[in-house]
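Everything on this sheet refers to the single structure shown next.
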Amino acid sequence: RRLVVQDEQRLGTMSATMMKQSAPARAARFGKASSLPRPAMAKAMARRSLVVKAEAVKPVVIGLAADSGCGKSTFMRRMTSIFGGAPKPPAGGNPDSNTLISDMTTVICLDDYHCLDRNGRKEKGVTALAPEAQNFELMYQQVKAMKEGKSVDKPIYNHVTGLLDPAEKIEAPKILVIEGLHPFYDQRVRDLLDFKIYLDISDDIKFAWKIQRDMAERGHSLDSIKKSIEARKPDFDAYIDPQKKDADVIIQVLPTQLVPDTEGKFLRVRMIQKEGKKLFDPVHLFDEGSTISWIPCGRKLTCSFPGIKLAYGPDTWYGEEVSILEMDGQFDKLEELIYVESHLSNTSAKFYGEITQQMLKNSSFPGSNNGTGLFQTIVGLKVREVYERITAKEVVPV
């Protein structure tokens, strides 16, 4: 690409010089005057410029699927921090925008493609998870346009008012992340995705997280949250949960198996990684393909009760071969995570300790002392690797 652009620059300089010279001078310099008329020459140069534009790198598109209240926002913050810049809403736009833009990434919330606002769903007796409440045609057209490098006027779903606000202009980024309930539901949209991630949270854990978020951040009452969860469950089972079979990586959050825990204080987290993907190499613990159970607590890793247990091994997921890396429990000193990191391979880290560095940088985020933060960070590094493999451009660690 560098050679092509430099060639075009030289061509532009030569063209400018030629226009200043007389016809005899041009003939003397190049042997004879061009046989092309000036309009034809202009068209030829325009075609040359189009070749350069055609080689421009198109955006890489990442899909993140999960139910409401399952940690999508935290995952987005971890992932975008790997690429640099603090994610912010579009400058000068709607303060209630769901879009987050940073140095290389733009994160779009698929709630913006609801075709029914809160009142409309109530009138029709459907939930926000129902396909008939989504504008999949517009979702497909706009994701396709941005993948082609075009800007779009994207609608905004206002989570405060429950209404559809006027559209906002979004430019095509280097990395486009679409996150929400239905990124893999429509096959046309699914086919546009370069890498697909699903956050699979068990019902008990999901309930605890959703109460914490919706009561603290959105002002919902406990009773309204319980009713919302009960009303959404059939549609979640029918339309959202089945999408996890199409993901390249699934982060599954379950209650611990180390001790009885009815409050969800300790988590068992599994990273399910599909094998045989062109853009993705699964992480493994010790020996690739082996079945391993490891309790690392001791002199090099401080663990209070109930400790930590890691596991790794091959398995199947909806009939496909996968590798599963698991962490149950939590660690006390984040800086000691480097001991675990040193036993992991194919992490896509660019230097020894990068995972631990990222975890320390985002230590205030939920899940920073257990497998949710660890595996979200690793998947963020995998997204970076996917971008580099597709574009052949290196991302400098930040």
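Figures for the structure shown
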quantity: Some residue of segment 206-219 being assigned to a loop (DSSP other than H, G, I, E, B), at pLDDT below 95 and among the basic types (Lys, Arg); calculated: yes
quantity: Single match in Leu64, Leu50, Leu36 (criterion: assigned to a loop (DSSP other than H, G, I, E, B) and either over 24 Å from Leu381 (Cα atoms) or modelled with pLDDT of 95 or more (or both)); calculated: Leu36
quantity: Long-range neighbours under 7 Å by Cβ, at least six apart or interchain, first residue in contact (Cβ under 8 Å) with a residue 24 or more places away in the chain and closer than 15 Å to Asp200 by Cβ within segment 321-337, second outside any strand (DSSP E or B) and of a type in the set (D, E, K, R); calculated: Val322/Glu275
quantity: Residues located in segment 181-197, provided they are open to solvent by 20 Å² or more (accessible area, probe 1.4 Å), assigned to a loop (DSSP other than H, G, I, E, B) and either hydrophobic (A, V, I, L, M, F, W, C) or closer than 18 Å to Glu148 by Cβ (or both); calculated: Asp186, Asp191, Leu192, Asp194
quantity: Near pairs, Cβ below 8 angstrom, 6+ apart or cross-chain, from segment 363-387 (within 20 Å of Lys350 (Cα to Cα)) to any residue that is of a type in the set (Ser, Thr, Tyr) and not in a helix (DSSP H, G or I); calculated: Ile378/Thr347; Ile378/Ser348; Leu381/Thr347; Leu381/Ser348; Lys382/Ser348; Arg384/Ser348; Glu385/Ser348
quantity: Residue among Asp112, Asp96 that alone is at pLDDT 90 or above, acidic (Asp, Glu) and open to solvent by 40 Å² or more (accessible area, probe 1.4 Å); calculated: Asp96
quantity: Filtered residues of segment 136-164 (kept if within 13 Å of Thr99 (Cβ to Cβ) and buried (at least 17 other Cβ atoms within 10 Å of the Cβ)); calculated: Gln142, Met146, Val152, Lys154, Pro155, Ile156, Tyr157, Asn158
quantity: All positions within segment 255-271 that are buried (at least 17 other Cβ atoms within 10 Å of the Cβ) and more than 20 Å from Asp332 (Cβ to Cβ); calculated: Pro255, Arg270, Met271
quantity: Flag if Lys350 is farther than 29 Å from Thr105 by Cβ and either among the basic types (Lys, Arg) or in contact with a Leu (Cβ under 9 Å, 6 or more places away or on another chain) (or both); calculated: no
quantity: Complete set of residues in segment 203-233 that are free of Cβ contacts under 8 Å to residues at least 60 places away in the same chain, surrounded by 15 or more Cβ atoms within 10 Å (Cβ to Cβ) and touching a Leu at 6+ places or on another chain (Cβ under 8 Å); calculated: Ile211
quantity: Subset of segment 366-398 (residues that are under 26 Å from Val253 (Cα atoms), at pLDDT 95 or above and open to solvent by 20 Å² or more (accessible area, probe 1.4 Å)); calculated: Glu385
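The values are calculated or read from the model by the stated rules, or taken from the named source; none is laboratory data. Keep in mind that what you see is a predicted model, and the values were worked out from it rather than measured. So basically every Cβ, Gly included, is an ideal-geometry build from the backbone, and we count neighbours across all protein chains shown. These accessible areas exclude ligands, DNA and RNA; they are computed on the full protein's heavy atoms, side chains included. Shrake-Rupley method; radii C 1.70, N 1.55, O 1.52, S 1.80 Å.
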